[in-house]
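Only one structure is covered here, and it is reproduced in the block below.
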């Protein structure tokens, strides 16, 4: 926390002001001391809805904000035609100005505003937010003297950044690229595609650093000495070949899930990694969300959760448009595991996670899985058993149902639920719901306590936390301080073993299949 | 809706005023036209938070409310020491007065207030809420001249009340007795127990009407000509005998669940009911909550839900204290179905309900059910299949896990969740969560829309709505206007058939069992 906080006044209750108000409350060196609107009721409601500090004042006019001695700077989200009047007035009242864009109706108006600022010695900045996004390299032309990020909070830069190469331009790679740019200890040094044009466009569209190289092949990425680690979002059927090659080239590997078509393939990959001494991790992003840690704390709490008795998880989303015809996830030559590999992977991981990664003794597929005409699974499920203490788990995954992402875990003393476990609805806040030691109310007309909502915030999206953790492990290996972390390949292998068992159970007429590590 | 609505003004923003404001918005003959506080901001916030109509005015003083010609009556939740001043002023301004209790610091002050009311011809009432609770018989002594319910909305009293007899003093019968007293078309005319003392104590403790008879046997209840219908909360193993006897005595039957030990027994009961022409209904309370209707509306909505693909339901609660040793639900001679009959009944009903009561083609028990040493089920589950379009359902029930009561239903276009489907956490408000046509946000960093919370309020608890509906059917039969409604025995039988199939599947080594009506 900075000791000095610049106190903002806000002119008007424009919609955009909601977002910027939140920013003022989030930033460590700012606060909000006033808001003014032509309607006092509107200003009051705005302050309430946007969680202004109790000390903030609400006014029924803009003038009152400018006259408030507790206002250091004003943010002006008024309609552009009002900028000239109110920005000049603000400057005359010695208020620094953060002005929404477009800043004026024409350059003549803007000049009048800038002259007023200069003559009053106040700072002027327009509200072009993306200019302040930290991890990208922004080249600010020297003739824009006042533009600076120095007033804004930027995540501390780590000196060492692990340099990623990316194999292929899959859709998911856009999100993970962003994560590599957001994470403080990673950068992107290369991307390869079978088409150089595609790789070039991908680098541009995803704001790769100018230093990043683009290649017309995957091999070239593996041969690049400036690549420390590769991210492999290729179709599953290509994982065996490229992950093994990458390991042989001593590249650490972040591999998209499902990691392989079966555990045999995965073992070949893992052996290559082990023999080369490189880190392996699958890209199961939700494992890295701080919410996942908090939920695990609940699961491990003997008083608030007790012994785990049952878990149910479902992950579904509707394959829209041509997804069910053309997506790689329904193509038997590319991703023959279909919904089981794509969605079931997460639900199976959730069940293992809740069971402290203890493999089930048996897996029994649910009847009536659905397939496309090429034999790829579109929906399926299974029950998992540990042959002890009645513990049971079920999951369901589907390309044919509307989006759902639930875990319900029941313990002897408590339970918890989460409804967006794979990808939080909101990137910055992950909620979950837990309750312990429930009892019926008098006459069983209700029960107490009601489940509580826990909201876990995160500064970085879960995929950025994933690449950050991966890079941390890689850095330790590169520095000679650590060996590859074995937890991650073991979790991948256990997940893959359950996937294989579901496939086998379906083939064997839904009989239970034993699972052995 | 009443055409004339009395317009309330509220003096102050006391905590209790939140509840009474809600009441003014709920009552069909009132509305809120103003609120005043010494702080305008506080009044504005209060109006917003309590969902006042947009037309409501907010004032920074109490005087302004009294001067408002659009205010017919004032509600005064101010501190008691301010009552004298503001109630007298209100009376002088010709405002009717609803005054919070205690109404004054002493009877002298109250007399001054009452004189002001009398001289202005305005109505005075204190805010003793329970005086207005409709179904109980309230004897208002004649020396309380002003106390009246005439300004408040009271549920219409039905002239005919179906007279219940109750067999046994089970714990659950306390709640259902209360329901019979709350429901406007029922009353209790008798209770029988093997112990006359127990029956007498039960009638007293549960506030039975003075006219209710208490008997030392079940037979006596069945022989009482003042009993129209019986409620049977006896242990399941006694249902066959007493339900058949009741039907033979021409008593309509509200039967606790599980209705029988197996479908053979149930069929004997249903045949007796049919041959006597009496109504049969099982006591599955949540079926009668208005929330259940709203959720069904979603399930049937082709645009917001589409085709049902998957349902999961779990109901569990921890058997505390000596429950696992002594409760009838774990006694093989009384309730041999254990958790399956007690809890599984609800989850199975939920699955049938979501499937428009279409029976599954097969039922397959989940492995590892738990038993007590006498062979009664303490936890179990099953998967249900319809052998079509990949539709699948799973459920889990347990006496060994903390309380949970979930349904998750997935459709091709939407889904919904409810987390207290059996007994709402809050007796008056049942929430559920639904979302439709979800899609990934840009870069799949989230998804939109987020699920919406729907809160369904009810004036009567679900068990009172159940006995009300049962009594409505009985009244139709008694009047000769209708035959027994067949829907309810059919639903009971379908639920029992699935229970039987789960038992058979467990016995057959978890093989699928065909279900045929």
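Somewhere in region B:489-504, is a residue modelled with pLDDT of 95 or more, closer than 21 Å to residue B:290 by Cβ and touching a helix residue (DSSP H, G or I) at 6+ places or on another chain (Cβ under 9 Å)? Checking region B:489-504: at least one residue is modelled with pLDDT of 95 or more, closer than 21 Å to residue B:290 by Cβ and touching a helix residue (DSSP H, G or I) at 6+ places or on another chain (Cβ under 9 Å).
Among the residues of region B:406-421, which ones are in contact (Cβ under 8 Å) with a residue 24 or more places away in the chain and in a loop (DSSP other than H, G, I, E, B)?
B:412, B:413, B:421
Within region A:1-54, the set of residues being in contact (Cβ under 8 Å) with a residue 60 or more places away in the chain and part of a loop (DSSP other than H, G, I, E, B) comprises A:12, A:14, A:27, A:28, A:29. Within region A:421-434, the set of residues being touching a helix residue (DSSP H, G or I) at 6+ places or on another chain (Cβ under 9 Å) and facing chain B (nearest Cβ under 8 Å) comprises A:423, A:424, A:427.
Among the residues of region A:324-345, the ones that are at pLDDT below 95 and either in a helix (DSSP H, G or I) or not assigned by TED's automatic domain parsing to the domain that holds residue A:412 (or both) come to 6 in all. Is it the case that some residue within region B:31-47 is within 14 Å of chain A (Cβ to nearest Cβ), surrounded by fewer than 14 Cβ atoms within 10 Å (Cβ to Cβ) and out of contact with any strand residue (DSSP E or B) (no Cβ under 7 Å at 6 or more places or on another chain)? There is at least one residue in region B:31-47 that is within 14 Å of chain A (Cβ to nearest Cβ), surrounded by fewer than 14 Cβ atoms within 10 Å (Cβ to Cβ) and out of contact with any strand residue (DSSP E or B) (no Cβ under 7 Å at 6 or more places or on another chain).
The listed residues are B:321, B:306, and the only one of them that is farther than 20 Å from residue B:266 by Cα, assigned to a loop (DSSP other than H, G, I, E, B) and more than 9 Å from chain A (Cβ to nearest Cβ) turns out to be B:321. Yes or no: residue A:127 surrounded by 17 or more Cβ atoms within 10 Å (Cβ to Cβ), out of contact with any helix residue (DSSP H, G or I) (no Cβ under 6 Å at 6 or more places or on another chain) and at pLDDT below 95? Yes: the conditions hold for residue A:127. Summed over region B:192-216, the residues that are in contact with a strand residue (DSSP E or B) (Cβ under 7 Å, 6 or more places away or on another chain) and in a helix (DSSP H, G or I) give a count of 5.
Residue A:210 meets all of the listed conditions (1) under 23 Å from residue B:445 (Cα atoms); (2) surrounded by fewer than 17 Cβ atoms within 10 Å (Cβ to Cβ) but one, namely (1).
Among the residues making up region A:406-416, those that are at the interface with another protein chain (Cβ under 7 Å from one of its Cβ atoms) and either closer than 11 Å to residue B:408 by Cβ or modelled with pLDDT under 95 (or both) are A:406, A:408. Scanning region A:435-463 for residues that are in contact with a helix residue (DSSP H, G or I) (Cβ under 7 Å, 6 or more places away or on another chain) and within 10 Å of chain B (Cβ to nearest Cβ) yields a count of 6.
So is residue B:292 part of a helix (DSSP H, G or I), under 20 Å from residue B:176 (Cα atoms) and modelled with pLDDT of 95 or more or not? Show your work before the answer.
Working: part of a helix (DSSP H, G or I): yes; under 20 Å from residue B:176 (Cα atoms): yes; modelled with pLDDT of 95 or more: yes.
Here the answer is yes, as residue B:292 does meet what is asked.
With respect to residue A:219, determine if the residue is outside any helix (DSSP H, G or I) and away from chain B (no Cβ under 14 Å). Criteria not met by residue A:219. For region A:1-12, a residue qualifies if it is surrounded by fewer than 24 Cβ atoms within 10 Å (Cβ to Cβ) and under 18 Å from residue A:99 (Cβ atoms), and the qualifying residues are A:6, A:7, A:12.
Of the numbered criteria (1) at pLDDT below 95; (2) over 28 Å from the mean Cα position of the chain (by Cα); (3) more than 23 Å from residue B:411 (Cβ to Cβ), the one residue A:362 fails is (1).
Looking at B:451, B:424, B:484, B:461, can you tell me which residue is in contact (Cβ under 8 Å) with a residue 24 or more places away in the chain, touching a strand residue (DSSP E or B) at 6+ places or on another chain (Cβ under 9 Å) and buried (at least 23 other Cβ atoms within 10 Å of the Cβ)?
B:424
Exactly one residue out of B:248, B:271 is free of Cβ contacts under 8 Å to residues at least 12 places away in the same chain and under 20 Å from residue B:473 (Cβ atoms), and it is B:271.
Pull up region A:464-486, narrow it to residues that are part of a helix (DSSP H, G or I) and touching a helix residue (DSSP H, G or I) at 6+ places or on another chain (Cβ under 7 Å), then point me to the one that is farthest from the other protein chains (Cβ to nearest Cβ). The selected residue is A:469. Looking at region A:385-405, can you tell me whether even one residue there is touching a strand residue (DSSP E or B) at 6+ places or on another chain (Cβ under 9 Å), more than 10 Å from chain B (Cβ to nearest Cβ) and assigned to a loop (DSSP other than H, G, I, E, B)? Looking through region A:385-405, at least one residue is touching a strand residue (DSSP E or B) at 6+ places or on another chain (Cβ under 9 Å), more than 10 Å from chain B (Cβ to nearest Cβ) and assigned to a loop (DSSP other than H, G, I, E, B).
The condition of being touching a strand residue (DSSP E or B) at 6+ places or on another chain (Cβ under 8 Å) and farther than 30 Å from residue A:419 by Cα does not hold for residue A:467. Scanning region B:487-517 for residues that are under 34 Å from the mean Cα position of the chain (by Cα), within 14 Å of chain A (Cβ to nearest Cβ) and either over 21 Å from residue A:366 (Cβ atoms) or in a loop (DSSP other than H, G, I, E, B) (or both) yields one hit, B:515.
Within region A:222-277, being in a helix (DSSP H, G or I) and more than 24 Å from residue A:349 (Cβ to Cβ) holds for A:222, A:223, A:241, A:245, A:248, A:275, A:276. Against the definition (assigned to a strand (DSSP E or B), more than 7 Å from every other protein chain (Cβ to nearest Cβ) and at negative phi), how does residue A:363 come out, yes or no? Yes.
Checking each residue of region B:158-169 against the condition of being surrounded by 13 or more Cβ atoms within 10 Å (Cβ to Cβ), modelled with pLDDT under 95, on the phi < 0 side of the Ramachandran plot and touching a strand residue (DSSP E or B) at 6+ places or on another chain (Cβ under 6 Å) gives at least one match. Every listed requirement among (1) away from chain A (no Cβ under 14 Å); (2) part of a helix (DSSP H, G or I) is met by residue B:187 save one, (2).
The values are calculated or read from the model by the stated rules, or taken from the named source; none is laboratory data. Predicted model only: the values in this text are computed from it and were never measured. Backbone-built Cβ (ideal geometry, glycine too); neighbour counts: all protein chains shown.
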